[in-house]
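Since the structure comes first, as structure tokens, the remarks are kept for the end.
The values are calculated or read from the model by the stated rules, or taken from the named source; none is laboratory data. Note that the coordinates shown come from a computational prediction; the quantities given were computed from them, not determined experimentally. With ideal geometry, Cβ positions are generated from the backbone for all residues, glycine too; neighbour counts draw on all protein chains shown. Accessible surface areas use protein heavy atoms only, side chains included; no ligands, DNA or RNA. Shrake-Rupley method; radii C 1.70, N 1.55, O 1.52, S 1.80 Å.
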Amino acid sequence: RRGRVVLWANEFPSPSETFIVALVLGLIERGWDVHVACRTCDAERWQRFPALDRELGRRRLHVVASRGRPLRWAASVARGALAALTHPVVGLRWARAVGRRAPSQRAASLALGALCVRLRPELVHFQFGAHAIGRLHVGDDVGCRTVVSFRGYDLNYAGLEVPGFYDEVWRGTDAVHVLGRDLADRAERRGRPADLPVVMIPPAVDLARLPAPHPPTDGPLRLVSVGRLHWKKGHEWTLAALARLRADGVDAVLRIVGGGPHEPAIRAAVAELGLDGAVELTGFVSHDEVAEHLAWSDVLVHLAVSEGFGNAVLEAQAMGRPVVCSDADGLRENVEDGVTAIVVPRRDADAAAAALRDLAGRGRSAMRAMGEEGRCRVVGRFGRAEQMDRFEALYAAVVAAPRRADGRRPALTGPGTPPG
């Protein structure tokens with residue numbers, strides 16, 4: 001095997017974070033010894049991902065309990081203590097590190113450290129920056145390397161009101177992974193030091209799992225929005241744009257694919273705007289069902305007010321669907337404005353309605369041509385194999401890089417950045 005890596009995700013598997021599932025399965029396929037550590041694992045959601053049960057298995061899934069579940073937490077720590085007897089060098093290092101920590105931090109640090117004493121991974125990869133806070137001690141405690149991913153919300157709005165919110169992350173990790181240039185710039189503005197390596201690896205699409213694209217259909221203009229029902233996805237702006245479009249005489253319907261805490265507000269907006277019968281909410285669906293909804297559609301609408309990059313936008317382009325999206329954050333890197341998509345200012349329903357009206361006026365053949373450009377863009381720039389190559393290069397470089405005598409991080413060699 002190429003090495004042992006622990007991936008940390010607060011909730012696993014999550015229907016809105018299928019990219020983490022894809023990373024786990026991709027690394028296993030390439031020969032990495034992958035373990036997943038998380039705070040919670042829902043049995044019903046686990047059943048939605050049969051490949052996880054087959055490839056990862058429950059033995060390599062570790063629910064790291066907090067003090068809110070004292071019996072499980074104590075059992076985790078006890079297993080780590082037993083492992084420390086078998087691996088005394090790592091165990092002694094861990095014990096000394098825990099002993100130096102303040103009592104208020106000691107309990108929280110024990111469970112994850114105990115797991116890593118047992119597993120002795122070369123690398124721990126935290127999937128979100130906000131989730132790494134309070135846990136990065138594990139690198140020094142057991143002598144492994146760490147990587148932290150920032151995927152959107154963690155840099156765009158988490159902790160904005162707290163000065164130095166990510167100082168612990170900048171001090172404690174060996175490298176930072178971001179999805180694109182916008183997030184790299186935001187990390188710098190939020191304090192990332194110049195000597196902390198940042199590597200850009202964008203999302204990817206597994207084209208083999210998507211059905212073949214087909215021409216748009218006749219009849220009403222079929223719009224689809226894919227994403228968790230959360231304020232940052234901007235579903236209310238999509239509904240407002242649809243209401244304006246229909247008021248202008250364009251026969252259009254909308255399907256909103258996803259579930260989440262914002263559903264009551266979205267249903268209220270549907271009723272308030274008089275869109276009953278024109279809008280369908282599907283709730284949470286599987287990844288394969290998302291592809292079916294994209295195949296049903298003529299256009300993907302994604303008017304997010306905050307977005308790290310936008311996996312659904314990539315998949316829509318891969319399916320040969322034109323996109324109308326906002327200019328929020330990393331979305332501008334995801335599409336080519338005027339070629340694969342029409343980009344409008346965020347929180348501007350009038351501009352979104354005008355873009356949709358323009359697409360409807362061009363006709364089906366023009367939409368098909370834009371969709372074909374989108375598919376070519378994804379095939380050429382966002383393939384799954386290229387993404388996995390980049391993650392492997394990042395992991396290998398972080399593990400191999402020696403520490404300098406002054407403790408500063410060395411520059412990494414090997415990991416690439418995404419194509420522009």
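Number of residues in region 5-15 that are surrounded by 18 or more Cβ atoms within 10 Å (Cβ to Cβ) and touching a strand residue (DSSP E or B) at 6+ places or on another chain (Cβ under 8 Å) equals 6. Within region 239-263, being open to solvent by 40 Å² or more (accessible area, probe 1.4 Å), in contact (Cβ under 8 Å) with a residue 40 or more places away in the chain and assigned to a helix (DSSP H, G or I) holds for one residue alone: ARG244.
Results for (1) farther than 21 Å from ALA132 by Cβ; (2) modelled with pLDDT of 90 or more, shown as yes or no for each residue.
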position: VAL24; (1), (2): no, yes
position: HIS35; (1), (2): no, yes
position: CYS41; (1), (2): no, no
position: GLN47; (1), (2): yes, no
position: LEU52; (1), (2): yes, yes
position: GLU55; (1), (2): yes, yes
position: VAL64; (1), (2): no, no
position: ALA75; (1), (2): yes, no
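Scoring ALA269 on the criteria (1) open to solvent by 10 Å² or more (accessible area, probe 1.4 Å); (2) farther than 16 Å from PRO220 by Cβ; (3) in a helix (DSSP H, G or I); (4) out of contact with any His (no Cβ under 9 Å at 6 or more places or on another chain) leaves a single failure, condition (4). Of the residues making up region 122-133, those that are assigned to a loop (DSSP other than H, G, I, E, B) and in contact with an Asp or Glu (Cβ under 8 Å, 6 or more places away or on another chain) are GLN127, PHE128, ILE133. Screening the candidates GLU236, GLU188 for the property of being over 26 Å from PHE49 (Cβ atoms), open to solvent by 40 Å² or more (accessible area, probe 1.4 Å), of a type in the set (Asp, Glu) and in contact with a strand residue (DSSP E or B) (Cβ under 9 Å, 6 or more places away or on another chain) yields one hit, GLU188.
Here's the yes/no breakdown for (1) polar (S, T, N, Q); (2) farther than 30 Å from ALA184 by Cβ; (3) over 21 Å from the mean Cα position of the chain (by Cα):
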site	(1), (2), (3)
ASP248	no, yes, yes
LEU254	no, yes, yes
ILE266	no, yes, yes
GLY310	no, no, no
GLU315	no, no, no
ALA318	no, no, no
ARG321	no, no, yes
SER326	yes, no, no
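Elements of the type strands (runs of 3 or more DSSP E) sitting completely within region 273-375 and holding at least 1 residues that are touching a strand residue (DSSP E or B) at 6+ places or on another chain (Cβ under 9 Å), open to solvent by 60 Å² or more (accessible area, probe 1.4 Å) and more than 27 Å from SER149 (Cβ to Cβ): these cover 279-281.
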